[in-house]
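In what follows, a structure is listed as structure tokens, so that the remarks can point back to it.
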Ligand code: HEM
């Protein structure tokens, strides 16, 4: 447990209501203790926008190389993981991967992504309650990333299962059990991916795995095992996050602002702005760093090698950056200043892909359905995961 950080030990949330609406607590922290020391875990916590941004952007003061983290992957497996590295090593690792995520690649992939989106949206049935998480928010990112990586799309369910297990969050009650589950899933997933990588080395195709095989930076290449681990990392980084974005998008447009869907239907070019506002307003995320040297940059004295947590979802509602920040406003100016994709050198490499998936899904949906609403008996709190802020099911009724 020494290598893990636990947010729940800090929030002390117990009720479903608190998990569903953590923003009450965030606001209180912004007002009363914006820089907060948690004794139990010897960890600093910042809740204001400027402070969170500083934590993300100053890699010397707040390096990513660390021996404790909120990120639920065993640290010993992170030798190739760029998330835990700092410049100059980070630059090298990122450059290798970035070759697969250029705007040009994304443009090239757009028709493939659109075809998968149209197929899933085309299968949605109006008139009766459907679980949009199961029907769209889960399969969309997994099938897309499987397709782009070059692994068989029809295997998406088992891929999703493995990556879900690998990225289960830290839980103080189940440390040993989770470690075993993750080791097992990692083994099976690795055994599935390895032959695919080897085959692509002999016979490259138009996909990310082949790009990774070709990628070269200052004479370095990925080994097969590094590609296997990178692919697992991409699935973990990109699946659940994008599922959450799409789920929250449906929730927000139905409940957070009743007029928004009509506005969007009248002007579908608003879709990208809607997505930015969902990312700002309804996305629960915390990021952590190590403290690289003694500092009192935020007031109190913080010591080298303590850890610090940036409460991103609190920063995203900081009134000094986002006037009326507690309101969901699809026309908001500057909503894209949110920190949901991070900031600084680790800024999410998949952000353009996630944005494109969500925008295409929303556009296809708006084109087809005049309106939708939450099912009458739907209570969001009943569908949160264990100690989580994420909806595992969202029951909606579509109107043609
Ligand atoms: C990094 C969020 C989708 C790949 C990050 C970071 C955040 C983030 C906050 C920075 C972590 C840090 O600073 O420690 C999200 C959200 C997503 C999303 C909210 C969806 C809504 C994706 C997708 C992919 C992806 C679809 C790729 C398939 C990555 C990678 C990094 C990263 C490779 C590491 C970058 C680095 O360390 O230099 N993401 N992500 N993400 N993300 Fe995403």
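Please tell me if residue 358 is assigned to a helix (DSSP H, G or I), away from the ligand (no atom under 16 Å from the Cβ) and touching a residue at least 60 places away in the same chain (Cβ under 8 Å). It would help to see each step written out before you state the result.
Details: assigned to a helix (DSSP H, G or I): yes; away from the ligand (no atom under 16 Å from the Cβ): no; touching a residue at least 60 places away in the same chain (Cβ under 8 Å): yes.
It is false that residue 358 is assigned to a helix (DSSP H, G or I), away from the ligand (no atom under 16 Å from the Cβ) and touching a residue at least 60 places away in the same chain (Cβ under 8 Å).
When 56, 96 are checked against the criterion of being part of a helix (DSSP H, G or I), under 25 Å from residue 233 (Cβ atoms) and modelled with pLDDT of 95 or more, 56 stands alone in meeting it.
Would it be correct to say that residue 113 is in contact with a helix residue (DSSP H, G or I) (Cβ under 8 Å, 6 or more places away or on another chain), crowded, with 17+ Cβ neighbours inside 10 Å, in contact (Cβ under 8 Å) with a residue 40 or more places away in the chain and within 14 Å of residue 364 (Cα to Cα)? Reasoning before the result, please.
Working: in contact with a helix residue (DSSP H, G or I) (Cβ under 8 Å, 6 or more places away or on another chain): yes; crowded, with 17+ Cβ neighbours inside 10 Å: yes; in contact (Cβ under 8 Å) with a residue 40 or more places away in the chain: yes; within 14 Å of residue 364 (Cα to Cα): yes.
Yes.
Looking across the range 19-50, the residues that are without any contact (Cβ under 8 Å) to a residue 40 or more places away in the chain and more than 30 Å from residue 180 (Cα to Cα) come down to 21, 24, 25, 28, 31, 32, 33, 34, 36.
Yes or no, residue by residue, for (1) at pLDDT 95 or above; (2) over 19 Å from the mean Cα position of the chain (by Cα); (3) within 12 Å of residue 314 (Cα to Cα):
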{"site": "12", "(1), (2), (3)": "no, yes, no"}
{"site": "26", "(1), (2), (3)": "yes, yes, yes"}
{"site": "30", "(1), (2), (3)": "yes, yes, yes"}
{"site": "40", "(1), (2), (3)": "no, yes, no"}
{"site": "46", "(1), (2), (3)": "yes, yes, yes"}
{"site": "60", "(1), (2), (3)": "yes, yes, no"}
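When residue 107 is tested against (1) free of Cβ contacts under 8 Å to residues at least 40 places away in the same chain; (2) within 29 Å of residue 165 (Cα to Cα), only condition (2) is not met. Is there a residue in the range 269-276 that is exposed (fewer than 15 other Cβ atoms within 10 Å of the Cβ) and out of contact with any helix residue (DSSP H, G or I) (no Cβ under 7 Å at 6 or more places or on another chain)? Yes - at least one qualifying residue is present in the range 269-276. So for the range 364-387 (the condition being closer than 21 Å to residue 27 by Cβ, exposed (fewer than 15 other Cβ atoms within 10 Å of the Cβ) and touching a helix residue (DSSP H, G or I) at 6+ places or on another chain (Cβ under 9 Å)), does at least one residue qualify? Yes: the range 364-387 contains one or more residues that are closer than 21 Å to residue 27 by Cβ, exposed (fewer than 15 other Cβ atoms within 10 Å of the Cβ) and touching a helix residue (DSSP H, G or I) at 6+ places or on another chain (Cβ under 9 Å).
Quick grid of which residues meet (1) touching a residue at least 12 places away in the same chain (Cβ under 8 Å); (2) over 30 Å from residue 63 (Cα atoms):
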{"site": "254", "(1), (2)": "yes, yes"}
{"site": "258", "(1), (2)": "no, yes"}
{"site": "274", "(1), (2)": "yes, yes"}
{"site": "283", "(1), (2)": "yes, no"}
{"site": "287", "(1), (2)": "yes, no"}
{"site": "305", "(1), (2)": "yes, no"}
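Counted as qualifying within the range 188-299 are the helices (runs of 4 or more DSSP H) with 2 or more residues that are out of contact with any strand residue (DSSP E or B) (no Cβ under 7 Å at 6 or more places or on another chain) and within 16 Å of the ligand (Cβ to nearest atom), namely 208-214, 224-251, 271-281. When 104, 66 are checked against the criterion of being in contact with a strand residue (DSSP E or B) (Cβ under 6 Å, 6 or more places away or on another chain) and at pLDDT below 95, a single residue qualifies: 66. Scanning the range 225-252 for residues that are free of Cβ contacts under 8 Å to residues at least 60 places away in the same chain and buried (at least 17 other Cβ atoms within 10 Å of the Cβ) gives 227, 228.
Apart from one condition, residue 336 fits all of (1) more than 16 Å from the ligand (Cβ to nearest atom); (2) surrounded by fewer than 18 Cβ atoms within 10 Å (Cβ to Cβ); the exception is (1).
Based on what the data block shows, is residue 129 away from the ligand (no atom under 16 Å from the Cβ) and either at pLDDT 90 or above or surrounded by 15 or more Cβ atoms within 10 Å (Cβ to Cβ) (or both)? When the stated conditions are applied, residue 129 passes them. Here residue 342 passes the criteria (1) under 17 Å from residue 59 (Cβ atoms); (2) more than 10 Å from the ligand (Cβ to nearest atom) except the one numbered (2).
Quick grid of which residues meet (1) more than 16 Å from the ligand (Cβ to nearest atom); (2) under 30 Å from residue 42 (Cβ atoms); (3) buried (at least 19 other Cβ atoms within 10 Å of the Cβ):
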position: 97; (1), (2), (3): no, no, yes
position: 103; (1), (2), (3): no, no, no
position: 135; (1), (2), (3): yes, no, no
position: 139; (1), (2), (3): no, no, yes
position: 146; (1), (2), (3): no, no, yes
position: 160; (1), (2), (3): no, no, yes
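For the range 363-392, a tally of residues being over 25 Å from residue 265 (Cβ atoms) and in contact with a strand residue (DSSP E or B) (Cβ under 6 Å, 6 or more places away or on another chain) returns 1.
The values are calculated or read from the model by the stated rules, or taken from the named source; none is laboratory data. Please read these numbers as outputs of a predicted model, since none were measured by experiment. Every residue, glycine as well, gets a Cβ built from its backbone with ideal geometry; the counts of neighbours run over all protein chains shown.
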